[in-house]
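The block underneath contains the structure these notes are about, expressed in structure tokens.
The values are calculated or read from the model by the stated rules, or taken from the named source; none is laboratory data. Note that this is a predicted model, so its numbers are computed, not measured. We place every Cβ from the backbone using ideal geometry, glycine too, and count neighbours over all the protein chains shown. Quick note on the areas: whole protein, heavy atoms, side chains included, nothing else; ligands and nucleic acids left out. Shrake-Rupley method; radii C 1.70, N 1.55, O 1.52, S 1.80 Å.
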Amino acid sequence: TGIVHTAPAFGQEDYEMAQRYDLPVVQLVDPQGNFTQEVTPWAGMFVKEADPLIIEDLENRGLLFRSETYKHDYPFCWRCDTPLLYYARSSWFIRTTAFKDRMMEMNDQVNWYPEHIKQGRFGDWLKNNVDWAISRERYWGTPLNIWNCQECGKQVCIGSIAELKELGEDLPEEIELHRPYIDRVILRCPECGGQMRRVPEVVDCWFDSGCAHTAQWHYPFENKERTERTVPADFISEAIDQTRGWFYSLLVTSTFLYNRPAYRNVLCLELVLGADGQKMSKSRGNAVDPWEVLDVQGADAVRWYFYTVTPPWVRRIFSKEAVNEALRKFLGTLHNVYAFFVLYANVDKINPLLHDIPVSDRPLIDRWIISKFNSLVAKVREDMDDFQITSAARSIDRFVDDLSNWYVRRSRDRFWGSEMGHDKFCAYRTLYEVLVDLSKLLAPFTPFISEEIYQNLVRSIDADAPESVHLCDYPESRSELIDRELEEDMELVREFVVLGRAARNRAGIKVRQPLRRIVLGLASDRERGSVERFPDLIREELNIKEIEFATDLADYARITVRPNFRLLGPKYGATVQKIARTLAQSDPVLIKREIDSQGEVKLRIDGEEITLERGELDLRFEGNEGYAVEVEGEHFVALWTEIDEELALEGIARELVNKIQQMRKEADFNVADRIELYLSSTEQVHKGFDRHRSYVMGETLAVKLVEEPSEDMLLKSWNINGHPAKIGVKRVEGYRPN
Ligand SMILES: [Zn+2]
Ligand SMILES: [Zn+2]
């Protein structure tokens, strides 16, 4: 028809078009939602009630083309579901568009986490800035501080109570600045002497929070220096939707008040999702009751999960199971190490503070964990300075794993050994220092377990120490205690241990069965020196009598190189067969060497050069007769797997110790309880026991071997390396070591 209906007083787009084409804004509805007097047939009627009457009127006059139901989005009151009317109202604005360029300059000085929000979501928001509608027609809120003269129309913006008193008449000493009291304050117009009244509006609450940097110090009335010092703030952390909320309102006010950004760093928090990866909602059933998790798994576990799973600005899934994982893997491990220390320190009645042994006088493994800890402190501080919480927490996670699965694991016997001496004092002192400093390092991450460790390990023996771990200084990295070479050497040792365990698995021989020797395949001569710093660690961890060194894998294994057909088939088609033939004719040792050093190998096929990467080759190693071989890059181990009579007997003794220890646990004996032992088995098992009698008895704290089981003994049947055996244990009451 060429005609478009428009109602500039009832919708934003219509209003903007009216502005652009200079159309009149006709307001036919009063603030109650009733038609005004100009709408003669329905004047005073609520607009929604008039709808059917208008249709009827059009129909009567033959003007109705069609009447139908039309579905479209419409605003409703979120509380009572009443349909709302869009309504153009006069409003107060802050002309933020006048500060747009300066706000963008301020934003340039801010670090955003994640980085892309800076010029993306937030930068776009600033670029498309519109003036800030600051007034609200509500009752509750900060009253807008503008007074109008009833006579001459002058407007005054009041900036302080003093100014209010200066212009006001007969104001009480104490002025209540909120409604309704403030509305009774009448000022005298400085121009004409007429009466001035406050405008009825209150202020957008985002303006209040947007003034936090200033309002918190009651500036400009006091704390000038403090405000100067704290604008910009070091960091702000809120959910990502605050780009249009608090992040924005703070930046606006700091820009026009101070020409500074309001903050140096912004940490945006992303959504937490249900276990199914969807937004949590009760109706979907994927919501987690936070109190349930806090009550059962605890706040430390919840916190640790959030720190380690993803950076805060990446969406993450939250479920009880996920928190359980953090509880078990990290807090469980930490607690085990702590409980281990407490248990043995109590048995030995030791006060680690009395044994201040210089670190340089302690065994290598102590120096290693101390070096690792100081490296960790440096890393955590660096990460925290850069707001990389996840990286910091994951580093601590790895350290606790090192502490438990290497330091304590390899030092267990040092605590267990009954002889009080230098080595034992070093072990206690080292683990004590690490646990105490770790509690301080962890305090901001897991405040509760940190406090528990600190209170028990520090406060219980040092009344002068700070009252809480949270009042201690954060640990400083002591670079003089960091020994990179030692850390690297230990890394190599642990790599060989991993290979050695894998070789045992391959051969199907458990670690408790001692073996004669292992060959460590080195990449360089220098590595031999590294490994030889800790010969006992490898021998004990892998339960092997001798270590030998080698560099040539071909002396211990047959190497075969074939194409990885799954990858190369699609890439080279029929040429794969030629690649396979060429590889078969090549020296596999040379190919492996090239792969190790270059990461790839070049072949000539039909005069053309083909480059194959490590993953595109299928390298296999078959140990020579008697050897189990494992290879990782340039390193390998070859494990001699023959079990001679002597090794078999020792294996039996180890197996007996293991089973007796299990029974001690099952019977709930204390670690220092002495026991009576009963053993009935084959001749071979008794032979193994007799050969290693003092070892078995010593390890299990057995003080007596009895011929017949007593009635109150815990008795169990076992399989000892293929031999049936009956073992009995019983606590010896009132035992006193002589
Ligand atoms: Zn309502
Ligand atoms: Zn006036």
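Can you say whether L486 is surrounded by 21 or more Cβ atoms within 10 Å (Cβ to Cβ), modelled with pLDDT of 95 or more and part of a helix (DSSP H, G or I), as far as the supplied structure shows?
So L486 does not fit the description; no.
For every residue, the table says whether it meets (1) open to solvent by 40 Å² or more (accessible area, probe 1.4 Å); (2) under 18 Å from I482 (Cβ atoms); (3) free of Cβ contacts under 8 Å to residues at least 40 places away in the same chain; (4) assigned to a helix (DSSP H, G or I).
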| residue | (1), (2), (3), (4) |
| --- | --- |
| S375 | no, yes, no, yes |
| K379 | yes, yes, yes, yes |
| A393 | no, no, no, yes |
| F399 | no, yes, yes, yes |
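Go over the candidates L164, L171 one by one and state the one that is open to solvent by less than 70 Å² (accessible area, probe 1.4 Å) and not in a helix (DSSP H, G or I).
Going through L164, L171 in turn, the sole match is L171.
How about segment 243-323: which helices (runs of 4 or more DSSP H) wholly inside it have at least 2 residues that are within 30 Å of Q109 (Cα to Cα) and open to solvent by less than 20 Å² (accessible area, probe 1.4 Å)?
Helices (runs of 4 or more DSSP H) meeting the threshold: 246-258.
Right, L171: free of Cβ contacts under 8 Å to residues at least 40 places away in the same chain and touching a Cys at 6+ places or on another chain (Cβ under 9 Å) or not?
No.
Could you tell me which residue of segment 381-391 is most open to solvent (accessible area, probe 1.4 Å), considering only residues that are part of a helix (DSSP H, G or I) and either within 14 Å of G332 (Cα to Cα) or touching a residue at least 24 places away in the same chain (Cβ under 8 Å) (or both)?
Ranking the qualifying residues of segment 381-391, first place goes to R381.
Report whether or not E480 is among the acidic types (D, E) and either under 25 Å from the mean Cα position of the chain (by Cα) or closer than 29 Å to V347 by Cβ (or both).
Against the criterion (among the acidic types (D, E) and either under 25 Å from the mean Cα position of the chain (by Cα) or closer than 29 Å to V347 by Cβ (or both)), E480 does not qualify.
Looking at Y139 and the list (1) within 16 Å of ligand 1 (Cβ to nearest atom); (2) open to solvent by less than 80 Å² (accessible area, probe 1.4 Å), which single condition is not satisfied?
(2)
Between residues in segment 74-86 that are at pLDDT 85 or above and assigned to a strand (DSSP E or B) and residues that are more than 8 Å from ligand 1 (Cβ to nearest atom) and open to solvent by 80 Å² or more (accessible area, probe 1.4 Å), which pairs lie under 6 Å by C-beta distance while being six or more apart or on different chains?
P83/F76
Being assigned by TED's automatic domain parsing to the domain that holds S209, part of a helix (DSSP H, G or I) and touching a Lys or Arg at 6+ places or on another chain (Cβ under 8 Å) narrows it down to one residue among W125, W112; which is it?
W125
Restricting attention to segment 414-445, and to residues there that are over 20 Å from I461 (Cα atoms) and of a type in the set (D, E), which single residue is most open to solvent (accessible area, probe 1.4 Å)?
Once the filter is applied, the top-ranked residue is E419.
Just to be sure, is S411 touching a His at 6+ places or on another chain (Cβ under 9 Å) and either crowded, with 16+ Cβ neighbours inside 10 Å or not charged (D, E, K, R) (or both)?
Judged against the criteria, S411 is not a match.
Could you say which residue among F99, F46, F10, F76 is in contact with a strand residue (DSSP E or B) (Cβ under 7 Å, 6 or more places away or on another chain), open to solvent by less than 100 Å² (accessible area, probe 1.4 Å) and at negative phi?
Only one candidate qualifies: F46.
Contact list please: Cβ distance under 6 Å, first residue in segment 509-537 and closer than 16 Å to V637 by Cα, second residue open to solvent by 30 Å² or more (accessible area, probe 1.4 Å) and assigned to a loop (DSSP other than H, G, I, E, B), pairs at least six apart or on different chains.
Going by the 6 Å Cβ cut-off, the qualifying pairs are L522/T551; A523/E634.
It is to be established whether one or more residues within segment 92-114 are among the hydroxyl-bearing types (S, T, Y), closer than 23 Å to L269 by Cβ and more than 16 Å from ligand 1 (Cβ to nearest atom).
Checked against the condition, which is being among the hydroxyl-bearing types (S, T, Y), closer than 23 Å to L269 by Cβ and more than 16 Å from ligand 1 (Cβ to nearest atom), segment 92-114 yields at least one hit.
Which pairs do you get when a residue that is assigned by TED's automatic domain parsing to the domain that holds L435 and closer than 15 Å to R409 by Cβ, found in segment 329-344, comes within reach of a residue that is open to solvent by less than 30 Å² (accessible area, probe 1.4 Å) and of a type in the set (S, T, N, Q), reach meaning Cβ atoms under 8 angstrom, with the pair 6+ apart or on two chains?
Short answer, once both residue conditions are applied: T333/S404; L334/S404; N336/S404; V337/S404.
In contact with a helix residue (DSSP H, G or I) (Cβ under 9 Å, 6 or more places away or on another chain), in the same structural domain as R136 (by TED's automatic domain parsing) and of a type in the set (A, V, I, L, M): is that true of L167 in this structure?
So L167 fails the test.
Restricted to segment 215-240, and to residues that are without any contact (Cβ under 8 Å) to a residue 24 or more places away in the chain and part of a loop (DSSP other than H, G, I, E, B), which residue is most open to solvent (accessible area, probe 1.4 Å)?
Q216
Residue check: is K659 out of contact with any His (no Cβ under 6 Å at 6 or more places or on another chain), surrounded by fewer than 16 Cβ atoms within 10 Å (Cβ to Cβ), basic (K, R) and outside the structural domain of R506 (by TED's automatic domain parsing)?
Against the criterion (out of contact with any His (no Cβ under 6 Å at 6 or more places or on another chain), surrounded by fewer than 16 Cβ atoms within 10 Å (Cβ to Cβ), basic (K, R) and outside the structural domain of R506 (by TED's automatic domain parsing)), K659 does not qualify.
For segment 69-90, which positions are within 15 Å of ligand 1 (Cβ to nearest atom) and not β-branched (V, I, T)?
Once the filter is applied, which keeps residues that are within 15 Å of ligand 1 (Cβ to nearest atom) and not β-branched (V, I, T), segment 69-90 yields Y74, P75, F76, C77, W78, R79, C80, D81, P83, L84, L85, Y87.
Somewhere in segment 342-361, is a residue at pLDDT 95 or above, under 25 Å from E541 (Cβ atoms) and surrounded by 20 or more Cβ atoms within 10 Å (Cβ to Cβ)?
no
For I461, only one of the following conditions fails: (1) open to solvent by 20 Å² or more (accessible area, probe 1.4 Å); (2) modelled with pLDDT of 95 or more; (3) outside any helix (DSSP H, G or I). What is its number?
Looking at each condition in turn, I461 falls short on (2).
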